[in-house]
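Colleague: Questions regarding the structure given below will be posed in turn.
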């Protein structure tokens, strides 16, 4: 009996050892495969490679910003302004404007000798933001979305609650006019359109900080429904947004 017990224990120990070695081999194989599939990294100690990429991006952004195009109701932005990424919420050209501005604020702090270049780009981005195409969704999407019955099935239960799919407007459809005030011509004065005016305030504030000029502190005009124009200043924009938030316990939509 004692001998049988010893043999049993030996077999158990052998199985454990075999399993341990097998697990180690599988882990090593997995690590090798992951390493082989991983994209090559730019060495952290190679600032020249990073600087080259940054200068290339900055050159392209300068070209985009300073190349004249028409963002009015009768025109069309240049095709290189992205209107495809991130549907349905952010597939508008204005997202390319404010998202391109973020690195410029950091670069202006790190390389102040280039501040004039950054300020010029930011000014051009801001000029486009307050045009018809900057607020095209609010200026053209009236009432419920007539195409909501044909949304991609992938949005069901993800972008749109499953039980309301087909009868519910997707986020990103501004539905100007369904509120108590009806169609609101000014996208800034409007009760909704938070994501527009919030990003505009951020972009305009960064432009003012980097450039050090008072251009946007003075009166400028926001494009509205039907070709209307609406007077604003940077301070009035910030004050209005703050008031809209404070008037609603749940915040602004």
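Colleague: Taking the beta-carbon count within 10 Å as an exposure proxy, list 230, 78 from fewest neighbours to most.
Modeller: 78, 230
Colleague: For region 71-188, report the translational diffusion coefficient in µm²/s to the nearest whole number, using Stokes-Einstein at 37 °C, 0.692 mPa s, and a Kirkwood Rh over Cα pairs.
Modeller: Approximately 199 µm²/s, per Stokes-Einstein.
Colleague: Taking only the alpha-carbon atoms of region 132-253, what semi-axes of the equivalent ellipsoid follow from 5 times the gyration tensor eigenvalues under a square root, in whole Å, largest first?
Modeller: 30, 16, 14
Colleague: Tell me, what is the FRET efficiency for residue 53 and residue 140 to the nearest 0.05, using R0 = 35 angstrom and their Cβ-Cβ distance as r?
Modeller: Once rounded, the FRET efficiency stands at 0.40.
Colleague: How many angstrom lie between the Cα centre of region 90-166 and the Cα centre of region 189-253?
Modeller: Distance between centres, Cα-based: 15 Å.
Rule-based calculations on the coordinates, nothing more; no lab input. Keep in mind that what you see is a predicted model, and the values were worked out from it rather than measured. Cβ coordinates were reconstructed from backbone atoms using ideal geometry, including for glycine residues, and neighbour counts include every protein chain displayed.
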